[in-house]
Amino acid sequence: MLRSVGQAPVTEKGEDPRVAGLDGAVSRLRRELAGYPVEFRDRAIAEDELAALAAMVAGGAPEIARMRRSLLLIVGSIGSVSALGPALMGVRHAVDLFGEVPRPRR
């Protein structure tokens, strides 16, 4: 991995490994949600927010605040579906690698 001071790590291909990790986690949860046979009330919310995360990943530079908002909506909509728990935790951990939302200076 090549890295300059103050910059996110990048692979030899110039990719941020956090973005690649988020892509994999989002893809896994999307697949598992698509294969989950039971319909539940907020499924469409989870699908929409996973699509939003996938779009951010495709853009290459996800916005931390928007990722965290999507994560909260996904957790709220499928958090009680235990079969999706491990994949959901994968997305959470991938989002956490980007750090906290920067606070405005005063």
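The values are calculated or read from the model by the stated rules, or taken from the named source; none is laboratory data. Keep in mind the model is a prediction, meaning the values are calculated, not measured. Neighbour counts run over all protein chains shown; Cβ positions are idealised from the backbone, glycine included. For the accessible areas, the whole protein counts, side chains as well, though only heavy atoms, and no ligand, DNA or RNA atoms are used. Shrake-Rupley method; radii C 1.70, N 1.55, O 1.52, S 1.80 Å.
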Kirkwood-based Rg/Rh on the Cα set of the chain evaluates to 1.02
Taking 22 Å as R0, compute the FRET efficiency from the Cβ-Cβ separation of Ala20 and Asp48 and round it to 0.05.
0.45
Taking a label point 7 Å from the Cα of Ala34 along the Cα→Cβ vector, which residues of the range 80-106 have an amide N closer than 20 Å to it?
83-92
Per the 1.4 Å probe, what fraction of the accessible area of the chain, in percent, lies on carbon and sulfur atoms?
54
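Please report, in debye to the nearest 20, how large the charge dipole of the chain is about its Cα centre when each Lys and Arg carries +1 at its beta carbon and each Asp and Glu carries -1 there. Show your work: numbers first, answer last.
Numbers: 15 positive and 13 negative charges, 80 e Å.
Using Cβ point charges on Lys, Arg, Asp and Glu, the chain gives about 380 debye.
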